[in-house]
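Everything below concerns the one structure shown next.
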Amino acid sequence: MRMSDILQWRATPAAGLYLHVTRRCPLSCGHCSMRSTMHLAETDPAPLRSLVDSFTADDHPRFVCLTGGEPLLRPGLVRSLSSTAKRAGSYVVMATGGFFISKPTVPPAIDDALRTIDHVVLSMDAFHEPEVPRHLSIEFLRTVLDRGQGASVQLVGTGPADPYVVATIEDLRRAFGDQVAILVGTLVPVGRGADLGTVRLVERDDDPSATVAAQGCPMLSWPVVTDDGSVVACCDQHVVDGAAAPHLRIGAAAQLTWPEIRAFVEQRPMSRAIRVFGPRYLAAKGAPELLQPGACSTCHAVGGHDGVDAAAAELVSSPTLSLIEGVVQRDAITRLPNGVPELAHLAFAGTAVAAPRRRG
Ligand code: SF4
């Protein structure tokens with residue numbers, strides 16, 4: 001399966017589930033949004049296992065995304081989560097920084113875990129390269145592809161003209177043509193990235209003119225189990241790090257099953273209304289005094305407000321809502337969060353997916 005086949009489902013509620021396997025990482029990339037180190041408390045594996053055990057052949061996320069920190073610091077856990085999810089029918093994607101790539105041989109436990117993964121997403125950027133050389137990353141991707149697994153690259157830089165981004169894309173296209181999709185993202189001032197001082201936080205759908213046109217948020221589609229065992233409905237890093245308003249907090253993974261998480265994301269009026277209309281439109285309808293310049297700040301402000309809950313309930317009661325949801329989902333497929341718009345087509349390499357549309 002190619003990355004584009006996965007991205008087709010990105011805005012479909014509960015089509016995917018992110019599992020943070022650990023917050024630890026042996027690399028020390030200067031832009032790490034998680035501020036990962038090897039000294040952080042380890043994630044309790046029990047809630048992750050119990051949640052994945054609740055998947056059934058009839059009810060499971062289409063995609064399970066193992067992420068971190070560095071998931072392959074816990075190869076036994078990766079192997080068991082991946083195997084259990086796949087038995088239920090999920091397709092397993094794993095993000096890795098590839099710390100093991102520069103070792104003379106890949107440790108057997110890591111290799112065993114890797115072989116259970118359907119699609120590997122490798123981070124390659126100017127911050128990883130001092131510890132994970134590019135030519136070794138390309139060799140690793142070749143091994144993954146030769147085994148019949150899917151492979152993609154997550155590449156972060158300052159923009160389309162970033163010399164590192166340009167050179168890496170050239171090397172990857174020379175090695176793999178369009179076989180390996182490249183998700184090119186911009187540096188964001190989150191985690192250690194905030195310490196770089198070179199990037200400004202532009203809020204999602206930041207709208208200083210304070211207009212309130214409906215602008216749905218696709219980030220409330222695939223729920224996330226965070227490293228402390230909480231389950232949140234939005235995959236924005238601030239929410240994952242704990243800044244979740246009540247309507248974005250699903251609960252504790254240890255006490256939830258997959259059908260309960262799916263129902264929260266798919267059916268809750270607030271979930272549906274934010275996904276389709278966006279928090280600012282919702283605030284304008286139910287509590288205009290809570291409107292903020294940005295979508296996320298408004299989203300956090302409206303949590304738990306009775307007037308906004310009522311506006312959400314009214315909006316989703318429309319008989320045409322399902323039709324609108326379908327249109328919004330299709331439109332969101334090519335709007336990659338924090339992506340570099342000029343290079344968004346590289347994420348859809350080798351497929352007939354419609355060319356990404358520029359916003360505005
Ligand atoms: S608007 Fe709300 S749901 Fe969307 S990314 Fe921001 S906090 Fe998450």
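The values are calculated or read from the model by the stated rules, or taken from the named source; none is laboratory data. Please read these numbers as outputs of a predicted model, since none were measured by experiment. Please note: Cβ atoms are built from the backbone with ideal geometry, for glycine as well, and neighbour counts cover all protein chains shown. The accessibility values were calculated without ligands, DNA or RNA, using every heavy atom of the protein model including side chains. Shrake-Rupley method; radii C 1.70, N 1.55, O 1.52, S 1.80 Å.
Things to note:
- Within the chain, helix-based [θ] at 222 nm, where runs of 4 or more DSSP H residues each add -39,500 (n - 2.57), nearest 500: -10000 deg cm²/dmol
- Taken per residue, the accessible surface of the range 1-157 reaches 38 Å², heavy atoms only and a 1.4 Å probe.
- Extension reserve of the Ala109-Asp178 stretch, reckoned as 0.36 nm per residue once the Cα distance is removed: 21.8 nm
- Label-to-label distance, Met1 versus Glu139, with points set 7 angstrom from Cα along the beta-carbon direction: 3.0 nm.
- Solvent-accessible surface of protein heavy atoms, probed at 1.4 angstrom with all chains present, puts Arg268, Arg174, Arg23 in the order Arg174, Arg268, Arg23, largest first.
- Carbon-plus-sulfur accessible fraction, the chain (probe radius 1.4 Å, protein heavy atoms only): 54%.
- Relative to the longest principal axis of the Cα atoms of the chain, the long axis of helix 163-176 makes an angle of roughly 70 degrees.
- Solvent-accessible surface of the range 217-309, taken per residue with a 1.4 Å probe and all protein chains present: 35 Å².
- Along each principal axis, taking the top coordinate minus the bottom one, the Cα set of the range 26-77 gives 42, 20, 16 Å in descending order.
- Among 120-129, 339-348, 135-144, 316-325, the peptide with the highest mean count of other Cβ atoms within 10 Å heads the list, and the full ranking is 120-129, 339-348, 135-144, 316-325.
- log₁₀ of I(q)/I(0) at q = 0.12 Å⁻¹ - the chain, Debye sum with one point per alpha carbon: -0.89
- Directionally averaged projected area (convex hull, Cα atoms, the range 212-360), nm²: 10.0 nm²
- Helix 258-267 vs. the chain, principal-axis angle (Cα, 0 to 90°, nearest 10): 50 degrees
- Volume per residue for the range 1-124 equals 118 cubic angstrom (convex hull of Cα atoms).
- To the nearest ten degrees, helix 75-88 and the longest principal axis of the Cα atoms of the chain are 60 degrees apart.
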